[in-house]
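What follows is calculated from the coordinates using simple rules that are stated; it is not laboratory data. Please read all numbers here as calculations on a predicted model, not as lab measurements. Quick reminder, even Gly has a Cβ in these numbers, built from the backbone with ideal geometry, and neighbours come from all protein chains shown.
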Amino acid sequence: MRAKTAEVLGAQWGDEGKGKIVDVLSERFSAVARYAGGHNAGHTVIIGEHKFVLQLIPCGVIRPNCMGVIGNGVVLDPIYFLDEIDRVRKTGLDIDGRLFVSNRAQVILPYHRMIELAAETAPGRQKIGTTSKGIGPAYEDKMARSGLRIIDLLNTSLLKTHIEAACEEKNAIAHALFGTDPLDPAKMYDDYAAAAERMRPLVTDTGRLLNGILAKGGSVMFEGAQGTMLDIDHGTYPYVTSSSATAGGASIGTGVGPTAIGTVISVTKAYVTRVGGGPFPTEIHDAIGEQLRARGNEYGAVTGRPRRCGWLDIPLLRYSNQVNSAEWLVVTKLDVLDELEEIPVCIGYEIDGKVSDEIPADVRGLEAIKPVYTTLKGWRQSTEGVAEYDKLPQAARDYLAFQERESGAKIGMISTGPDRDHTIVLPEFAAALDGINA
Ligand code: IMP
């Protein structure tokens, strides 16, 4: 029997529209758990008049009966997190008693941001175009075994000595390398000790909590952040984030083992976007790119940066489905393509005169790629808000069928607008979801 869990993650470079999909699916789950990243993520959910942009809090909490869990794989700035909780409470959403944070998650402190900002702007450094939230330096400290975990944040004497020692080191490094002004450890301690007290009731062993829910017959959804091609191992390194955004990250980042991952649902737009630096083989550099950006409102939910837009990339999607063992695909923003007469889709890569569908491991290889396109017919008809598959124009159905056939995963859902109702759920997928909750 399959475990009563599902994982939802991004197929490309993030911003695939996972927030809405997690929201739509979460009514079927007892808990939704984040497993990687931090407040570099920005999940937008629109419900009627309300727009929620959640960066750390799992989108599942918008459903009144769903528990939200922040797993051990996440890096969390307590001051930012408490602000987000306050913002969510102001919308009238009651999350008391159903939001929990892993005692093993790592803490982001102000010196992580200081180091990142200085390093990203220093002359001669490779610019990744990060979100400047201190994510990378916090994961560096985790791997260097010098990080502070949430459990340590709650221990005031340990917190004090950690901050003093870390500030001495980080201030010296930042000053020597980048001429940065030092941070004050006493103020930092006061701020974070106060935040720790507010955090205390939310902190628990979330691995135990999630395994306990499953043991009692409950169901869990794992909510991915960022996307497969931003994964530290499988993405377009070094233009990646610092965590495991792919399917395996859910086990590492929550303490629920891999055989308990019931199915993997990969979310892809009908086209592709990317923010920040790094290779993007199918990027569109002409007016059509502008048109997609405007129509799809392709601006970062966290940083407001314009997103780079490109055509669907089948080799990349196939690679992503393989890395994630993705069973299902969810295609979002289909309606953004409504006005196009023809839609190019990349079906291969030409590298040094040879056509291949292998994703080069090195960035220079990716930059040297000449995408090979086939052209599919556009539908020139509105699909905005369509909620039934049969109501889609034939050319749109052909486009989806092509994507499904070439990518190796089944399309389970299609999103045709920002609202919960602007969603097509295909019968086989609905049956599979019913099976998870049976
Ligand atoms: P970091 O995660 O802030 O270290 O940024 C590393 C790279 O990941 C940059 O290119 C960011 O733009 C990108 N990135 C991080 N989080 C997201 C996200 O939620 N959506 C899209 N891109 C992201």
To the nearest 20 debye, the range 301-438 has a Cα-centred charge dipole, built from +1 on Lys and Arg Cβ and -1 on Asp and Glu Cβ, of 300
Any residue on another chain or 5+ positions along whose placed amide H is under 5 Å from the amide H of L340 is listed here as W379, R380
So, with points 7 Å from each Cα along the Cβ direction, the I173-D398 label distance in nm works out to 5.6
Quick shape summary for the range 391-438, equivalent ellipsoid via Cα gyration tensor, semi-axes whole Å in descending order, reads 20, 16, 8
Helix-only [θ] at 222 nm, the chain, -39500 (n - 2.57) per DSSP H run of 4+, per residue, nearest 500, equals -10500 deg cm²/dmol
Honestly the chain on the Cα gyration tensor test (a ≥ b ≥ c root eigenvalues; a/c under 1.5 rounded, otherwise a/b vs b/c for prolate or oblate) is just oblate
Interchain or sequence-distant (5+) residues whose placed amide H lies within less than 5 Å of the amide H of V74 are Q106
Mean 1/r over distinct Cα pairs of the range 187-314, inverted to a Kirkwood Rh in Å, yields 17.8
In this structure, among K51/K333; K127/K410; K4/K410; K127/K370; K133/K160; K133/K216, pairs with alpha-carbon gaps over 27 Å are K127/K410; K133/K216
Taking N as the residue count of the range 340-438, its alpha carbon Rg divided by 2.2 N^0.38 Å gives 1.37
To the nearest 20 debye, the chain has a Cα-centred charge dipole, built from +1 on Lys and Arg Cβ and -1 on Asp and Glu Cβ, of 740
Length-normalised contact order of the range 375-438, Cα under 8 Å, at least 6 apart, in percent, tallies to 33
Here the range 139-148 yields Karplus 3J(HN,Hα) values (6.51, -1.76, 1.60; θ = phi - 60°; whole Hz; Gly and Pro given as x) of 5, 4, 5, 4, 5, 7, 6, 10, x, 10
Residue by residue through the range 360-370, the couplings from Karplus 6.51 cos²θ - 1.76 cosθ + 1.60 with θ = phi - 60°, in Hz, x for Gly and Pro, are x, 7, 9, 4, 5, x, 5, 5, 7, 5, 10
Computed ³J(HN,Hα) along the range 228-239: with the Karplus parameters 6.51/-1.76/1.60, θ = phi - 60°, integer Hz and x for glycine or proline, the list is 3, 7, 9, 5, 4, 9, 9, x, 7, 4, x, 7
One point scatterer per Cα, no solvent, Debye formula: log10 I(q)/I(0) for the range 106-198 at q = 0.10, 0.11, 0.13, 0.17 Å⁻¹ comes out as -0.25, -0.31, -0.43, -0.72
With the 8 Å Cα cutoff and a minimum separation of six or more residues, the chain has a relative contact order in percent of 20
Quotient of Cα radius of gyration and Kirkwood radius for the range 267-436, i.e. Rg/Rh, equals 0.96
The set of residues whose placed amide H lies less than 5 Å from the amide H of Y373, leaving out same-chain residues fewer than 5 positions away, is I347
